[in-house]
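The structure appears right after this line, and notes come after that.
Read-outs throughout are calculated quantities, based only on the coordinates presented, and are distinct from any laboratory measurement. What you are looking at is a predicted structure, and each value in this text was computed from that prediction instead of being measured. Note: ideal-geometry Cβ built from the backbone for every residue, glycine included; neighbour counts use all protein chains shown.
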Amino acid sequence: MSALISLFFRFFRRFKIDSQKACTSNGGERVFFNDLTVSKYKALIKSEEDRRLVESVLIDYEKVLQMTGEVTSTLTENQMVKAMSCSTFKSRKRFFRLQFEKEIKELSNERRKELRALRLNKNYSANTLQPSVGIKFDEKTGTPVYGLWKNSLFIRLPNKTLNASFKFKFFNSTFFGQNLVFDLSYEHLMKEHEYKCICLELNQVYHINKHLKNPYNLWFCNYKCGSSMHSLIKFLHPNIDESFINFHEDSYLKFFPKQNLVYLTPDASTPLMTYDHDAVYIVGAFADTVYQKGVSLSKAEKDGIKLARLPINEYCPLYGTKNVLTVPQMMLILKTAKETSSDWREAFKYIPKRRIKKEEINTRNYETSEEGDDCENSDLCNKASV
């Protein structure tokens, strides 16, 4: 097995050298080798023994050149001194090979730099649809010309600048943003694949909040450090500690007054008809596929806080008896209701159409068409009055 591995690495090394040869050669021509003589190294010859060593090195150099060609184009005095210190032909062959690989690498790097310089300095014409460097001016008017492959009003923002803007928004949200709490106390009721799904959804919540104009101040309460969810969230988002999310092992009752807390659960009887910008809404981080009826309801009643449900039955009836949504859908619905002043029909557009009853979809389409007809009639009336 070891022999096969060594053979593989020898083949791979040989293939790498051949590819580097191809990069440095010009049209398949062989690299030029200088004629080496003993007189070139007369500064190193101080005795007859040194002369014999130089001759033996040059003979071995010629042998390796004829056998494999893996020698440098010339031998410097420093290389000759090191080759003279090698006592056997095998050691000198290995030394020539190492120097050859080093020279090939340097030549290939120089070749790449030359090609890169040619690409950068080449003047591209407009017919090739390639961008040119510098500001373009109109020959007649002398003003800058804007358009495709010409001057542009826009600049590219690097990721560092974008991340700085996101952090600035998050920093403002910690002081002025509305608080939104996610209750992570249901891990013991979920299996492994279920809390993995919740961790992925919480990661989506963070990215949704990042792109909002006025992001929420997110709170992850009942967060157990060292748990499976903790390790998975850290794996999905390694820099989660720098994301301005409030992670706390304590309950939300420790940080907010009870009169401001509203627990959103589908088991509540009171619909949330008006979005309150001063309330602190709580969303249970519970997988919708394994939702157990009454769990979040009993927890909220035990804590003694207000209960509410989204007005799905009033605006958007769904198939089945469970009006359970995913955590990212709850986030999108709440942010839309916040931005549109409790326009729940607009907010519920994030619910998949396959879950909405067909009668409701037809009603929506009919109302949309009526609004379009009214707009057309009003336009016609305006035109007639003109």
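Modelled spin labels at Glu101 and Glu62, positioned 7 Å past Cα toward Cβ, are 2.8 nm from each other.
For the set Lys169/Lys306; Lys160/Lys213; Lys40/Lys90; Lys306/Lys338; Lys167/Lys234, the pairs lying more than 26 angstrom apart at their alpha carbons are Lys169/Lys306. Partners of Lys140 within straight-line reach, counting lysines whose Cα lies under 21 Å from its Cα and excluding those fewer than 8 residues away in the same chain: Lys150.
Backbone amide hydrogens, once placed in the peptide plane, bring Ser342 within less than 5 Å of Tyr275, excluding anything fewer than 5 places away on its chain. Within the same chain, lysines fewer than 8 places from Lys357 are excluded, and of the rest, those with a Cα less than 17 Å from its Cα are Lys322, Lys349.
In terms of the mean number of neighbouring beta-carbon atoms within 10 Å, the peptides 176-184, 292-300 order highest first as 176-184, 292-300. Residues in the stretch 254-260 carry Karplus couplings, in order, of 7, 10, 10, x, 5, 5, 9 Hz; the curve used is 6.51 cos²θ - 1.76 cosθ + 1.60 with θ = phi - 60°, and Gly or Pro positions show x.
Within the stretch 161-373, antiparallel bridges make up roughly 5 percent of the DSSP beta bridges whose residues both belong there.
The phi torsions of the stretch 107-113, fed into the Karplus equation with coefficients 6.51, -1.76 and 1.60 and a -60° offset, translate into couplings of 5, 5, 5, 5, 5, 5, 5 Hz, rounded to whole numbers, with Gly and Pro shown as x.
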